[in-house]
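First comes the structure, then the notes that go with it.
Quick note: the coordinates plus some simple rules give every number you see, no bench work behind them. All figures in this text were calculated on a predicted structure; none of them were measured in a lab. We place every Cβ from the backbone using ideal geometry, glycine too, and count neighbours over all the protein chains shown.
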């Protein structure tokens, strides 16, 4: 069955300072793909991590992001696409002065469940903030494990 997700639909959460809208989940697509639209403020982005069973593909809509791919750092800009194969240590970080937006895809789908289950409900009129160390608790660690995400040392 085909899926149509209108522009204003999806599940929007705040996750460690980023605004993420999950547009399609592995459950929606029979496990094929998870699709997320991300707004990444200056300084935003996840810690370095790997996915043992999941590839990740990014497409920058606007702005620029610094990517870590294994031990290599590079900058991706609007229109660039980045593919990260499973088991590769990676992260993205907004080191610019303006927001960046992108789409990212998990194949197979499923890892996007981390955001749905572990994200915060957005609050109208409130600035999203990065999480402090108090958020790294047993619940979050179990969700990371559940959704094929292993935190790795950064450069």
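Details
- For 18, 28, 120, order by how many other beta-carbon atoms lie within 10 Å, fewest first: 120, 28, 18
- Percentage relative contact order, the chain, counting C-alpha pairs under 8 Å, at least six apart: 31
- Selected from 113, 63, 132 as most flexible by GNM, with the chain as the system and alpha-carbon contacts under 10 Å: 132
- The Cα atoms of the chain give a gyration tensor whose axes a ≥ b ≥ c have a/c under 1.5, which makes the shape rounded.
- The fewest-to-most ranking of 4, 53, 99 by surrounding Cβ atoms within 10 Å reads 4, 53, 99.
- Computed over segment 3-58: relative contact order in percent, which uses C-alpha pairs under 8 Å that are six or more apart: 27
- Most mobile of 134, 117, 56 in a GNM of the chain (Cα contacts under 10 Å): 134
- Separation of alpha-carbon centers, segment 1-63 and segment 94-155, rounded to whole Å: 10
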